[in-house]
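The next block holds one structure in the form of structure tokens; read it before the comments.
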Amino acid sequence: ELPALSIVPVPVRVDLKEYKKVEANVKNAILAMNPSSKGYWLGVLDRLNYLRQAAGIAKIKSVTEWSIDFLESNPAEVKIVIYAHHKAIVGHLSNALSAWGVLKIVGSSRPKDRERDALAFQSNLENRVMIISAAGGMGIDLFGTNGIECSNLVFSELEWRPSDIDQAAGRLHRLGQHLAVTAWLFEAKGTVDEYILLRLIQKDGTIAQIVGDHSIVAEIIDQWRG
């Protein structure tokens, strides 16, 4: 039987100056598209991903400060995993937290390196931070062994699909984990993050549903159209 999994939204206030510039460009591009054209929704989601990245960049300071506070407040055997989608955000977080020994398992990581780094993260004291992406975080275990504790997952970026949230949480919340797991979902107020988390439903400590797809996307577009 698996331990409990808690999903905790973390609303943060961010500097929206750069985000608003991206939002204006994305809004104009989407409103210029023909809703009846083939591939309309794919095109819309592709452009909205620029907003998601802009929100992620805006959250870097908050995620970094939270992570540093967590690491400084816990003994060396306690670690964290951070989820990020875009390469730029992975790079920023990796540099900002380098003093705590950062490992990365992302899409560009070679299979043999993923296995090596996952084992190192699980068992040594030198690397207290693991950054993963959806592409790189599949099929690996990241809970602690040999006295290492790892039960906290920080989502620096949010995904549209609940399966991606489940997949990332599953790196810690799986057989072999002996601690209750907490997934911290950072939400930048005033950004697309609010829509992604709008219909988050928690049940018995697990994610039951995050409605992201066309229903939320359509709501964003309708508001832009006025």
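The values are calculated or read from the model by the stated rules, or taken from the named source; none is laboratory data. These numbers come from a predicted model, not from an experiment. Please note: Cβ atoms are built from the backbone with ideal geometry, for glycine as well, and neighbour counts cover all protein chains shown. Remember, those area values only see protein heavy atoms, side chains included, never the ligands or the DNA or RNA. Shrake-Rupley method; radii C 1.70, N 1.55, O 1.52, S 1.80 Å.
Since Tyr50 meets every condition but one in (1) buried (at least 20 other Cβ atoms within 10 Å of the Cβ); (2) within 20 Å of Asp164 (Cβ to Cβ), which condition does it not meet?
Exception for Tyr50: condition (1).
Just the residues that are open to solvent by 60 Å² or more (accessible area, probe 1.4 Å), within 21 Å of Val106 (Cβ to Cβ) and part of a loop (DSSP other than H, G, I, E, B), please, taken from the stretch 156-181.
Arg161, Arg174
Among the residues of the stretch 109-140, count how many are open to solvent by 60 Å² or more (accessible area, probe 1.4 Å) and modelled with pLDDT under 90.
7
Just for the stretch 37-48: of the residues that are without any contact (Cβ under 8 Å) to a residue 40 or more places away in the chain and either part of a helix (DSSP H, G or I) or hydrophobic (A, V, I, L, M, F, W, C) (or both), which one is farthest from Glu126 (Cα to Cα)?
My answer is Tyr40.
Out of all the residues in the stretch 74-108, which are open to solvent by 80 Å² or more (accessible area, probe 1.4 Å), of a type in the set (S, T, N, Q) and at pLDDT 95 or above?
Result: Asn95, single match.
For Leu93, state whether it is in a loop (DSSP other than H, G, I, E, B) and under 17 Å from the mean Cα position of the chain (by Cα).
no
Hey, can you tell me all the residues within the stretch 49-93 that are in contact (Cβ under 8 Å) with a residue 24 or more places away in the chain, among the small types (Gly, Ala, Ser) and over 15 Å from Glu126 (Cβ atoms)?
Residues satisfying the conditions are Ala54, Ala55, Gly56, Ala58, Ser62, Ser67, Ala84, Ala88.
Just the residues that are of a type outside the set (Gly, Ala, Ser), open to solvent by 50 Å² or more (accessible area, probe 1.4 Å) and within 30 Å of Gly176 (Cα to Cα), please, taken from the stretch 1-47.
Glu1, Leu2, Pro9
Against the definition (polar (S, T, N, Q), in a helix (DSSP H, G or I) and farther than 13 Å from Glu157 by Cβ), how does Asn34 come out, yes or no?
no
Hey, any hits in the stretch 58-69 for a residue that's over 19 Å from Cys150 (Cα atoms) and either buried (at least 22 other Cβ atoms within 10 Å of the Cβ) or in contact with a Gly (Cβ under 6 Å, 6 or more places away or on another chain) (or both)?
yes
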